Amino acid sequence: MSSTIKIEPLNESNYDEWKIHMRAILKKNDLWGYVSGEIAKPLTPEKYSEWIINDSKTQSELILHMKGKELKICARLESAKLIWEKLQEIFESRGAARRSMLMKKCVMMKMNEGDDLSEFTEPRSLLFE
């Protein structure tokens with residue numbers, strides 16, 4: 001069963017949702033281990049070429065689902081794990097910049113009739129983690 005998965009490319013305001021979708025895509029394609037570190041770079045030459053091929057596929061999945069400055073930052077990194085860690089460093093920090101970005105996101109949000117309340121309140125709950 002093959003299906004095309006479309007998600008909005010990563011940008012400065014959708015990391016939390018993008019991360020969930022990307023993790024699911026990578027798991028579906030048996031590539032999550034290259035990001036999580038569960039599939040470490042092998043030391044033997046026989047397995048190394050297979051690892052490089054699969055890590056490159058994982059990098060491609062990540063890069064093809066980004067745009068803007070996030071793409072420019074991650075395009076130069078050498079492994080899928082390094083890309084994921086860089087995104088975590090940028091978006092999951094608990095510092096003032098992250099809180100400021102979340103606050104801006106909260107202020108800009110508008111809830112319309114029929115919208116899911118949990119989607120509206122989730123960014124606000126992140127401010128208090």
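Filtering region 14-40 to residues that are part of a loop (DSSP other than H, G, I, E, B) and in contact with a helix residue (DSSP H, G or I) (Cβ under 6 Å, 6 or more places away or on another chain) leaves L31, G37, I39.
Within region 75-94, residues that are within 15 Å of T58 (Cβ to Cβ) have Cβ atoms under 7 Å from residues that are loosely packed, with under 14 Cβ neighbours inside 10 Å in these pairs: K81/G37, counting only partners at least 6 apart in sequence or on another chain.
Could you list, in sequence order, the residues of region 68-85 that are closer than 18 Å to I20 by Cβ and surrounded by fewer than 18 Cβ atoms within 10 Å (Cβ to Cβ)? Residue satisfying the conditions is E85 alone.
Within region 41-79, being assigned to a helix (DSSP H, G or I) and in contact with a Cys (Cβ under 8 Å, 6 or more places away or on another chain) holds for L62, I63.
Yes or no: S13 modelled with pLDDT of 95 or more and closer than 19 Å to L87 by Cα? Judged against the criteria, S13 is not a match.
Of the residues making up region 96-119, one or more are of a type outside the set (V, I, T), under 19 Å from M22 (Cα atoms) and modelled with pLDDT under 90. If the condition is being closer than 19 Å to K86 by Cβ and of a type outside the set (D, E, K, R), then region 40-56 contributes A40, S56. Within region 94-102, does at least one residue satisfy the condition of being of a type outside the set (S, T, N, Q), surrounded by fewer than 16 Cβ atoms within 10 Å (Cβ to Cβ) and in a loop (DSSP other than H, G, I, E, B)? Yes, region 94-102 has at least one match.
The values are calculated or read from the model by the stated rules, or taken from the named source; none is laboratory data. These numbers come from a predicted model, not from an experiment. Cβ: placed from backbone, ideal geometry, glycine included. Neighbour counts: every protein chain shown.
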